[in-house]
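The values are calculated or read from the model by the stated rules, or taken from the named source; none is laboratory data. Just so you know, these numbers come straight off a predicted model, no measurement behind them. Virtual Cβ from ideal backbone geometry, glycine too; neighbours counted across all protein chains shown.
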Amino acid sequence: MLDKTFAETLAREWIAAWNSHDLARILAHYRDDFEMRSPYIAEMTGERSGRLLGKPAVAAYWAEALRRLPELHFEHLATLTGVDSLTIHYRGARGLAAEVLWVDEAGKIRRAAAHYQ
């Protein structure tokens, strides 16, 4: 079971990393082989599945997102805790959003799925 204190700490650190626009800081939360799913992946990369695997692919996608959205800022609204995952509900550059983050035993994110209003 995921510890609620750990989940809340991870969520707040995740939000702070994104708000810093520091790609290395953002990626530090993730495993090297993590999987990212987002409807914006298809829009920004042409990958029709909306899915990317591994830090190099996701880093390129997020670098482009940070370039396109220099005003990017996330406002943390809530952290929801599950068995081996947490959901971060936040307000972002495009409105309300939620990310489900599956976490491994070492506390690194192994899979993420972004959801938007």
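Quick notes on this structure:
- Inter-residue pairs, beta-carbon under 9 Å, first in contact (Cβ under 8 Å) with a residue 24 or more places away in the chain and within 21 Å of Gly46 (Cα to Cα) and in the range 57-82, second part of a strand (DSSP E or B) and of a type in the set (Phe, Trp, Tyr), 6+ apart: Val58/Tyr30; Val58/Phe34
- Residue count for the range 1-47, restricted to those that are closer than 18 Å to Ser85 by Cβ and assigned to a helix (DSSP H, G or I): 12.
- Options Ala65, Ala114, Ala24, Ala97; residue that is out of contact with any strand residue (DSSP E or B) (no Cβ under 8 Å at 6 or more places or on another chain) and surrounded by 12 or more Cβ atoms within 10 Å (Cβ to Cβ): Ala65
The rows are residues; the columns are (1) modelled with pLDDT of 95 or more; (2) touching a Phe, Trp or Tyr at 6+ places or on another chain (Cβ under 8 Å); (3) in a loop (DSSP other than H, G, I, E, B); (4) of a type in the set (Phe, Trp, Tyr).
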{"position": "Tyr61", "(1), (2), (3), (4)": "yes, no, no, yes"}
{"position": "Glu71", "(1), (2), (3), (4)": "no, no, yes, no"}
{"position": "Leu77", "(1), (2), (3), (4)": "yes, yes, no, no"}
{"position": "His89", "(1), (2), (3), (4)": "yes, no, no, no"}
{"position": "Ala97", "(1), (2), (3), (4)": "yes, yes, no, no"}
{"position": "Val100", "(1), (2), (3), (4)": "yes, no, no, no"}
{"position": "Ala112", "(1), (2), (3), (4)": "yes, yes, no, no"}
{"position": "His115", "(1), (2), (3), (4)": "yes, no, no, no"}
